[in-house]
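Heads up, the thing below is written out as structure tokens.
The values are calculated or read from the model by the stated rules, or taken from the named source; none is laboratory data. Bear in mind the structure is a predicted one, so any value in this text is a computation, not a measurement. Note that each Cβ is placed from the backbone with ideal geometry, even for glycine, and that neighbours are counted across all protein chains shown.
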Amino acid sequence: MKTLNRRDFGVDLGLALAAAILLPATTARADDMEVHIDNFVFQPAELRIKVGTTVTWTNRDDIPHTVVSAGKFRSKTLDTDDKFSFTFTNAGDYKYFCSLHPHMTGIIKVE
Amino acid sequence: MSGHDHGEDGLSRRKVLECMTWAGTGVLWTITGGVPRSLGIIDSAQAATTAVPGMTFLQISDSHVGFDKPANPNALGTLEEAINKINAMPAKPSFMIHTGDITHLSKAAEFDNADRIISQSKLDVHYVPGEHDFLDENVKFYRERYGRGTKGAGWYSFDAGGVHFIGLVNVVDLKASGLGNLGAEQLAWLEDDLRGKSKSTPIVLFAHIPLWTVYPEWGWGTEDGGRALEYVKGFGSVTVLNGHIHQVMQKVEGNVTFHTARSTAFPQPAPGAAPSPGPMKVEDAKLRSMLGVASINFKQNEQRLAIIDTPIQG
């Protein structure tokens, strides 16, 4: 996990800046995680993270998607290449889906 | 095409559909005696409709105004081509239904552009929303334009030419892992709307996502669509018109004919034929054969409406 993050550090720095703009109240960290939306699938569909981690979703499809976890978080509509970030401050399982294409589901497990 | 038998229609209808698919623009629906029949390509549809009088209305769908990705960099342009095709029809249809995804991202300018082009048909248009029409932050643009006089998220019914038309909304309150959704309130309204209607009244149900289960793996179906179909079970002629899947698909089950129309923006793959249902990039020369509209003709004393899918080109 750490090796991967170091290797992707350059990318993470860019994301960290984006996250900092989107979420001014949180401090973006180098071990933040990414979920990609490709072909109507959240990848990875299941992600295990530590409390305090920020996850950024990027829509790489030609069709808009959303990221919605009932009562927890809800992105705006993400057009192609749009991003949404959320910082997980509490442990637990966060199931989420795309409210436009509800067969698209994922889960973030926060420990 | 004008010859129509309701009993052994499987083969002939399939042939018709193939010919439509091959040709590619819209679906022209003809209601003859209660059952809509698809007439295939716009040109042969015209021939059929001029040969047999009755009420004819058009179905247009999935214009996705604002879409500019490789599968079709100019969705507004192909919408205009479809409208031009409609305007060139020798017999003017009575009205048009639009089965949703008018816009791609629910931007005000997209709605404005769609209206500017579609209004060139000078036809009354009855809309139902697609999921792409409810994306603005306050979810108000669609309602402000098309929601007047409708119930809930935009459902309503009206009568035309002896046919009872019901526009349903199955794109809101979708549940994780689920399909399209009508919801209890709309179903109760539907049951009430049909109460007291003569069973000989032809019924046309139209909604964005297919009310029948086309391919659940891609969300192509409606969770509680079966409930709606229960309510129309006793009627002699029921036609269900949908969009969303950007391709022609038809199924006949008893008195119910299910049909989906092409998009005017971009094609989508056949169920399971690609990793995802996303926009399908085809050769430029082929694109317009995979976009289109439908024309539906209704004639008294014939059970099925005749549906003709007409490509923009081909």
query: Which is surrounded by fewer than 16 Cβ atoms within 10 Å (Cβ to Cβ), away from chain B (no Cβ under 14 Å) and at pLDDT 95 or above, of A:72, A:2, A:76, A:50?
result: A:50
Selected residue (only one of B:98, B:64, B:132 is within 14 Å of chain A (Cβ to nearest Cβ), in contact with a helix residue (DSSP H, G or I) (Cβ under 8 Å, 6 or more places away or on another chain) and closer than 26 Å to residue B:277 by Cα): B:64
- request: Filter the stretch B:240-295 for residues that are touching a strand residue (DSSP E or B) at 6+ places or on another chain (Cβ under 9 Å), surrounded by fewer than 16 Cβ atoms within 10 Å (Cβ to Cβ) and under 17 Å from residue A:62 (Cα atoms) and give the result.
  value: B:275
field: Among the residues listed as B:107, B:122, B:140, the single one being more than 20 Å from residue A:66 (Cα to Cα), out of contact with any Asp or Glu (no Cβ under 6 Å at 6 or more places or on another chain) and modelled with pLDDT of 95 or more
entry: B:122
task: From A:63, A:108, grab the single residue that is among the aliphatic types (A, V, I, L, M) and more than 11 Å from chain B (Cβ to nearest Cβ).
output: A:108
- request: Find the residue count for the stretch A:87-105, including only residues that are within 7 Å of chain B (Cβ to nearest Cβ), within 19 Å of residue B:276 (Cα to Cα) and in contact (Cβ under 8 Å) with a residue 12 or more places away in the chain.
  value: 6
- prompt: Considering the stretch A:19-47 alone, what residues qualify as being within 11 Å of the chain's Cα centre (by Cα), part of a loop (DSSP other than H, G, I, E, B) and either closer than 19 Å to residue B:69 by Cβ or at pLDDT below 95 (or both)?
  reply: A:32
Failed item in (1) buried (at least 21 other Cβ atoms within 10 Å of the Cβ); (2) of a type outside the set (S, T, N, Q); (3) within 25 Å of residue B:235 (Cα to Cα), with residue B:133 passing the rest: (3)
- request: Mind listing just one residue for me: the one in the stretch B:227-259 that is in contact with a His (Cβ under 8 Å, 6 or more places away or on another chain) and touching a residue at least 60 places away in the same chain (Cβ under 8 Å) and, of those, nearest to residue B:292 (Cα to Cα)?
  value: B:248
